[in-house]
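For reference, the structure discussed in these notes is given below.
Derivation of every value follows stated rules applied to the coordinates shown; laboratory data play no part. These figures come from a predicted structure and were not determined experimentally. Here the Cβ positions follow ideal geometry from the backbone for every residue, glycine too, while neighbour counts run over all protein chains shown.
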Amino acid sequence: MLEKMDTDCDFSAAELEAGRLLFAGGSEFVMGAARLDQLPEPLRCEVAFAGRSNVGKSSLLNALSERKALARTSNTPGRTRELNYFKTGPDLHIVDMPGYGYARAGKKLVSAWQNLIKAYLKGRANLRRVFVLVDSRHGVKPNDLEIMELLDEAGVIYQIVLTKADKPSLEMLETVVEKTKQQILKRPAAHRKLHLTSSVKETGIRELRAEIAGLIAR
Ligand code: GDP
């Protein structure tokens with residue numbers, strides 16, 4: 001049923017196969033960067049994943065790379081405020097961006113981390129796309145809009161990935177999909193197509209891999 005939802009994301013068999021191959025060799029943690037001068041040389045393409053804490057980002061990264069504990073690294077203390085780099089295939093870095101929306105984080109910490117993200121988004125020429133993860137039960141929240149604004153300003157193309165699609169009823173899901181499509185329609189750097197995923201049911205994972213593989217080929 002979920003697969004039938006109209007998110008405009010259709011991929012050919014060849015594109016799906018390219019996605020499978022890209023992730024078939026697994027992904028490997030490279031490093032965490034808390035400052036711009038710690039970023040690796042921009043020799044590989046990058047795609048980054050952003051989202052509110054608890055949106056299901058680690059689960060999605062693990063599902064993409066078929067590794068149970070890959071992105072656990074990003075959630076270990078000390079790494080949650082860093083840009084965590086994972087090597088996938090010969091040409092790609094996946095960047096796990098710090099989760100946002102920690103009510104408990106102090107102002108100083110929040111601004112240090114916003115500055116890092118802002119500087120990263122503005123200055124990274126090899127960054128091909130940012131996937132903004134949104135919980136499909138809740139839709140776009142105010143702090144999702146904040147990151148979307150940063151991305152619009154920086155001119156970095158971003159694409160919404162609705163997570164935990166196994167949770168809401170099909171009716172609720174359709175409402176959220178339609179509403180989200182409307183919300184991104186006029187945003188300058190937003191990609192029109194949404195991805196709908198469930199890490200638990202492995203829905204939409206093959207399509208997301210195909211999307212990423214297509215970004216490297218360009
Ligand atoms: P992160 O903080 O964004 O990295 O989120 P996690 O990946 O740690 O997930 C947060 C919670 O949501 C955990 O309890 C996960 O088991 C749950 N979760 C993540 N993805 C899914 C999903 O696709 N479906 C369901 N039902 N639960 C999920």
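Can you tell me what share of the DSSP beta bridges in the chain is antiparallel? A percent to the nearest 5 is fine. Let's see the in-between values first.
Values: 12 of 33 bridges.
Bridges in the chain that DSSP calls antiparallel: roughly 35 percent.
Please work out the Cα center distance from the stretch 118-132 to the stretch 12-30, rounded to the nearest Å.
21 Å
Could you pull out every residue, at least 5 positions away or on a different chain, whose amide H is within less than 5 Å of the one on residue 160? Hs are placed 1.01 Å off N in the peptide plane, and Pro or chain starts have none.
For residue 160, the qualifying residues are 132, 191, 195.
Can you pick out the pairs among 179/201; 122/179; 141/186; 141/167 whose Cα atoms lie more than 21 Å from each other?
179/201; 122/179
Against the globular-protein guess of 2.2 N^0.38 Å, express the Cα radius of gyration of the stretch 92-218 as a ratio, rounded to two decimals.
That works out to 1.08 for the stretch 92-218.
How big is the stretch 151-195 on each of its three principal axes, counting only the C-alpha atoms and giving the largest first in Å?
Largest to smallest, the principal-axis extents are 35, 17, 13 Å.
In whole Hz, what ³J(HN,Hα) sequence does the stretch 18-28 give by Karplus (6.51, -1.76, 1.60; θ = phi - 60°), x for Gly and Pro?
Per-residue couplings from phi come out as 4, x, 4, 4, 4, 8, 4, x, x, 10, 9 Hz.
Multiplying the sequence separation of residue 171 and residue 112 by 0.36 nm and subtracting their Cα-Cα distance, what value in nm do you get?
My answer for the length gained is 17.2 nm.
Using the count of nearby Cβ atoms within 10 Å as a rough guide to exposure, how do 111, 59 rank from fewest to most?
111, 59
Once Rh for the chain is found with the Kirkwood sum over Cα pairs, what is the Stokes-Einstein diffusion coefficient at 25 °C and 0.890 mPa s, in µm²/s?
Translational D for this selection: 142 µm²/s.
State log₁₀ I(q)/I(0) for the stretch 116-168 at q = 0.15, 0.25 Å⁻¹ as given by the Debye formula over alpha-carbon point scatterers of equal weight, solvent excluded.
-0.45, -0.95
Compute the FRET efficiency between residue 10 and residue 38 as 1/(1 + (r/R0)^6), taking r as their Cβ-Cβ distance and R0 = 45 Å, and round to the nearest 0.05.
Calculated transfer efficiency: 0.70.
Calculate one ³J(HN,Hα) per residue across the stretch 83-90 by plugging θ = phi - 60° into the Karplus curve 6.51 cos²θ - 1.76 cosθ + 1.60, and present them in order as whole Hz with x for glycine and proline.
8, 9, 9, 10, 8, 10, x, x
Residue-wise, which Karplus ³J(HN,Hα) couplings in Hz belong to the stretch 196-201, taking 6.51 cos²θ - 1.76 cosθ + 1.60, θ = phi - 60°, and x for glycine or proline?
Each residue's phi maps through the Karplus curve to give 10, 10, 9, 6, 5, 8 Hz.
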